[in-house]
Structure formats: C-alpha cells, structure tokens
Amino acid sequence: MSITRREMCLLLAAGSFPATVGLEALATDDNSLPSATYSFEKLPVNTSKNAQFRPILKGKLATGESLEAHETTLPPGGMPHPPHHHVHSEMWLIREGTVELTINGTGHIMGPGSLGFVHSNDEHGTKNIGTTPAMYFVVAVGPGAGS
C-alpha cells in the first residue's frame, strides 16, 4: 500500500495530539480573551502628532491566534505611520471620511462602510485623503498582533 505525502502529513498531524484536545478544550483556556463588549465612549484616547488612537482589546483567542483591535482618527492629510509590513494580517473598517489604503504600492480609496484587508507581510499604509477627519477600526490577527 502506498501513501502520499499529503496523507502522511494528515496522519502525523492527527496522531500528534491527544484525542481529548479539541475545540472544547481550547475554548476553556483561561488565558484567552473573554466574551465582552466595549463602549466607544469609554475607550481611552491616546494622541500622537498624526492621529488619535483608542485601544479596544488585545490578547489571545481560544484557538491560539493573537488579536488586537483599535480605532484611529486621522486629520485630513494624516498618516499614522509610514508604509510597513509585518507577520500578522490586518483589516480596516471605515466609519467616517475617506482613506487611501496602499497595498504593495497600489492605492485603494475607501469611504464609510468600506473594508480593507492586508495579508501577512504585504506592505501597506493608510492616509486620510479627504477634507474631514477619518475614523476607522483596525483588527489585527496573527503572530505579533498588537505588538
């Protein structure tokens, strides 16, 4: 009987964990983020020369991934930082204003209700290209999220 490399990997992965470890066991991890709500009005505000940030949450999911979320307000023409890249993925949810999300050198215009997503290690940057403040939420997932 022959076995493919894919089948071998599946067998090895399946055999490397005790049968009792499953999603139920992961969901009871005391170090994971608990279910909660976060009132926008109660979020602390951190100010830099280019933006205001409201940290929302930061921690580990029951399934092991790091998760971080914050809200950013940029003045017209503002950028929170130069374009960069990192291991974790990020998602932007635009609440108000007009933001340009540049991904690997290509600009994408996003208005209220838009969502942008950047894959791990893709270079990206954000800029308020509108005439009013831009407000958006950022959700980062993966290794180093929130670092």
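I'm trying to understand the selection: among the residues of the range 48-78, which are assigned to a loop (DSSP other than H, G, I, E, B) and surrounded by fewer than 18 Cβ atoms within 10 Å (Cβ to Cβ)? Those that are assigned to a loop (DSSP other than H, G, I, E, B) and surrounded by fewer than 18 Cβ atoms within 10 Å (Cβ to Cβ): Ser48, Lys49, Asn50, Leu61, Ala62, Thr63, Gly64, Glu65, Pro75, Pro76, Gly77. The strands (runs of 3 or more DSSP E) found entirely in the range 92-147 that carry 1 or more residues being touching a Lys or Arg at 6+ places or on another chain (Cβ under 7 Å) and surrounded by 16 or more Cβ atoms within 10 Å (Cβ to Cβ) are 99-103, 134-141. Among the residues of the range 41-68, those identified as among the aliphatic types (A, V, I, L, M) and over 21 Å from Gly142 (Cβ atoms) are Leu43, Val45, Ala51. Considering only the range 10-34, how many residues are over 17 Å from Gly146 (Cβ atoms) and either surrounded by 11 or more Cβ atoms within 10 Å (Cβ to Cβ) or at pLDDT 95 or above (or both)? Qualifying residue count for the region: 6. Taking the conditions (1) more than 20 Å from Thr126 (Cβ to Cβ); (2) modelled with pLDDT under 95 in turn, Ser48 satisfies each one other than (1).
The values are calculated or read from the model by the stated rules, or taken from the named source; none is laboratory data. Values in this document were obtained by computation on a predicted structure and should not be read as measured data. Cβ atoms come from the backbone with ideal geometry, glycine included; neighbour counts cover every protein chain shown.
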